[in-house]
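Asker: Below you'll find the structure I mean.
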Amino acid sequence: MSAFGRRLTFLKTLLKLAFGPSFFLFALVTTASGVAAYLIKGPVVFNAALGQGVERLGAILPRLAGALLVAGCVRVLVSKEFIARWLGGRSSISALALAEVAGALTPGGPVAAFALIATLQTAGADRGVLVAYATGWALLGFQRILMWEVPLLGADFMAMRLVSSFLLPILAGEAARRISLLVSRPPTAT
Amino acid sequence: MSVVILSALGIWCLASVLMLTVWRRRRGQTSEAVSFAFEQAIILVPRIAVAMLAASFIAVIVPTALIAAWVGHGSGFVGLLISSLAGAIVPGGPVIAIPLAVLLRSAGAGIPQIIAFITAWSIFAMHRIIIYELTNVGWRFTVLRLSVCLPAPLLAGMAAYGLVR
């Protein structure tokens, strides 16, 4: 197959992903809510809502394009080994903070994050560190923040959420470490 | 409108700096970063478009007064509790949760309540726990993580109250 042909099939796969079942489910919900808005509130409110939706989209798209480029760059710059190296620490606040940052910088969805946790768990990594990592990833994962939160909710909202949450993974990790110590049996019997 | 332009400008500045870094340090992977962005854009834009339209339509149908009363800025701790519970039971990924947050905001929910909502969804997203977490890391880790994170949405919401004020 030629390079061009390969690109074409790839594009087709992407479009299939883009316009898959979940897209049509959403389109259905959108149509239904649009019809409901028209019937309940009348054409004036419907038009205003439609206008607002389109205006919001116009605001989102330039942000989204930039955010996706940022996400692509971070994915390239931060390697898996780099992340794993940050998770070697044990039971200190700085180890937990490092784990949180590693979680926030982990590219990819839940598959990548939980696979790494599973690997490190069998390798005997500190429980608190792993919980701080998982919580950092869930709360502050850069990919979700960049691809969803900043474009749709805005940078000011994102900043406020970051400030409100950045201590939570450390607290969660510390709590997890204490609980594991309380219920711990000899380390061989995990 | 100027906020929109400013935040877009900020993101593009960051993107340029990072692109330059990739170009200087990992020259061979520049196209990888760009094609990631391109692929994701193709997948995301149609969904975001319909989701945002739905959020705008639903915002005019839902009883705004009710939402403001339950999870408005003045709803305080009870409002944080309600929005945390709501966030914890959202079935699905960001394509559902984030437009829901946009909807809540335009229907009059308070910023701390929306933060509690997103935090709860991030931590407790049911589909993610069942599909990825339990199968990969086992119930022991999952239970530990969930129990230590139980107060997180409320803490985040309270911290946000401190910031808003």
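Asker: Evaluate region A:102-121: report whether one residue or more is surrounded by fewer than 19 Cβ atoms within 10 Å (Cβ to Cβ), of a type in the set (A, V, I, L, M, F, W, C), at the interface with another protein chain (Cβ under 9 Å from one of its Cβ atoms) and under 17 Å from the mean Cα position of the chain (by Cα).
Answerer: Yes, region A:102-121 contains at least one residue that is surrounded by fewer than 19 Cβ atoms within 10 Å (Cβ to Cβ), of a type in the set (A, V, I, L, M, F, W, C), at the interface with another protein chain (Cβ under 9 Å from one of its Cβ atoms) and under 17 Å from the mean Cα position of the chain (by Cα).
Asker: Among the residues of region A:95-118, write down those that are of a type in the set (Val, Ile, Thr) and touching a residue at least 12 places away in the same chain (Cβ under 8 Å).
Answerer: First, the residues of region A:95-118 that are of a type in the set (Val, Ile, Thr): A:101, A:106, A:111, A:117.
Of everything in region A:95-118, those that are of a type in the set (Val, Ile, Thr) and touching a residue at least 12 places away in the same chain (Cβ under 8 Å) turn out to be A:101, A:106, A:117.
Asker: Hey, residue B:134 hits all of (1) more than 8 Å from every other protein chain (Cβ to nearest Cβ); (2) at pLDDT below 95; (3) part of a helix (DSSP H, G or I); (4) under 23 Å from residue A:150 (Cβ atoms) but one; which does it fall short on?
Answerer: Looking at each condition in turn, residue B:134 falls short on (4).
Asker: Given (1) crowded, with 17+ Cβ neighbours inside 10 Å; (2) among the β-branched types (Val, Ile, Thr); (3) more than 7 Å from chain B (Cβ to nearest Cβ), identify the lone condition not met by residue A:93.
Answerer: (1)
Asker: Hey, another quick one. Tell me which residues, restricted to region B:105-123, are over 12 Å from the mean Cα position of the chain (by Cα), more than 9 Å from every other protein chain (Cβ to nearest Cβ) and of a type in the set (A, V, I, L, M, F, W, C).
Answerer: Hits for region B:105-123 are B:107, B:109.
Residues are listed down the side, and each one gets a yes or a no for (1) surrounded by 22 or more Cβ atoms within 10 Å (Cβ to Cβ); (2) of a type in the set (Val, Ile, Thr); (3) touching a residue at least 12 places away in the same chain (Cβ under 8 Å); (4) facing another protein chain (nearest Cβ under 8 Å):
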{"site": "A:41", "(1), (2), (3), (4)": "no, no, no, yes"}
{"site": "A:44", "(1), (2), (3), (4)": "no, yes, no, no"}
{"site": "A:49", "(1), (2), (3), (4)": "yes, no, yes, yes"}
{"site": "A:57", "(1), (2), (3), (4)": "no, no, no, yes"}
{"site": "A:63", "(1), (2), (3), (4)": "yes, no, yes, yes"}
{"site": "A:69", "(1), (2), (3), (4)": "yes, no, no, yes"}
{"site": "A:84", "(1), (2), (3), (4)": "no, no, yes, no"}
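Quick grid of which residues meet (1) in a helix (DSSP H, G or I); (2) surrounded by 16 or more Cβ atoms within 10 Å (Cβ to Cβ); (3) at pLDDT below 90:
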| position | (1), (2), (3) |
| --- | --- |
| B:4 | yes, yes, yes |
| B:8 | yes, yes, yes |
| B:13 | yes, no, no |
| B:18 | yes, yes, no |
| B:24 | yes, no, no |
| B:46 | yes, yes, no |
| B:51 | yes, yes, yes |
| B:59 | yes, yes, yes |
| B:69 | yes, no, no |
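Asker: Shifting gears a bit: Looking at the structure I just gave you, is residue B:118 surrounded by fewer than 23 Cβ atoms within 10 Å (Cβ to Cβ), of a type in the set (A, V, I, L, M, F, W, C) and either touching a Cys at 6+ places or on another chain (Cβ under 6 Å) or assigned to a helix (DSSP H, G or I) (or both)?
Answerer: Working: surrounded by fewer than 23 Cβ atoms within 10 Å (Cβ to Cβ): no; of a type in the set (A, V, I, L, M, F, W, C): yes; either touching a Cys at 6+ places or on another chain (Cβ under 6 Å) or assigned to a helix (DSSP H, G or I) (or both): yes.
It is false that residue B:118 is surrounded by fewer than 23 Cβ atoms within 10 Å (Cβ to Cβ), of a type in the set (A, V, I, L, M, F, W, C) and either touching a Cys at 6+ places or on another chain (Cβ under 6 Å) or assigned to a helix (DSSP H, G or I) (or both).
Asker: If you scan region B:128-165, which residues turn out to be over 17 Å from residue A:167 (Cα atoms) and of a type in the set (Lys, Arg)? Lay out the reasoning, then the answer.
Answerer: Of region B:128-165, the ones over 17 Å from residue A:167 (Cα atoms) are B:128-144, B:164-165.
If the condition is that a residue be over 17 Å from residue A:167 (Cα atoms) and of a type in the set (Lys, Arg), then B:128, B:140, B:165 are the ones that fit.
Asker: Moving on. Residue under question is residue B:84, and the condition is that it be touching a residue at least 60 places away in the same chain (Cβ under 8 Å), surrounded by 20 or more Cβ atoms within 10 Å (Cβ to Cβ), in a helix (DSSP H, G or I) and of a type in the set (Gly, Ala, Ser); does it hold?
Answerer: Numbers: touching a residue at least 60 places away in the same chain (Cβ under 8 Å): yes; surrounded by 20 or more Cβ atoms within 10 Å (Cβ to Cβ): yes; in a helix (DSSP H, G or I): yes; of a type in the set (Gly, Ala, Ser): yes.
Criteria met by residue B:84.
Asker: Inspect all residues belonging to region A:158-175 and state whether any of them is more than 20 Å from residue B:153 (Cα to Cα), part of a helix (DSSP H, G or I) and either facing chain B (nearest Cβ under 8 Å) or at pLDDT below 90 (or both).
Answerer: Applying the first criterion (more than 20 Å from residue B:153 (Cα to Cα)) to region A:158-175 yields none.
Taking every residue of region A:158-175 in turn, none turns out to be more than 20 Å from residue B:153 (Cα to Cα), part of a helix (DSSP H, G or I) and either facing chain B (nearest Cβ under 8 Å) or at pLDDT below 90 (or both).
Asker: Are any residues in region A:6-34 within 17 Å of residue B:52 (Cβ to Cβ) and of a type outside the set (Phe, Trp, Tyr), and if so, which ones?
Answerer: Within region A:6-34, A:18, A:22, A:25, A:27, A:28, A:29, A:30, A:31, A:32, A:33, A:34 qualify.
The values are calculated or read from the model by the stated rules, or taken from the named source; none is laboratory data. Just so it is clear, the structure is predicted and the values come from calculations on it, not from any experiment. We place every Cβ from the backbone using ideal geometry, glycine too, and count neighbours over all the protein chains shown.
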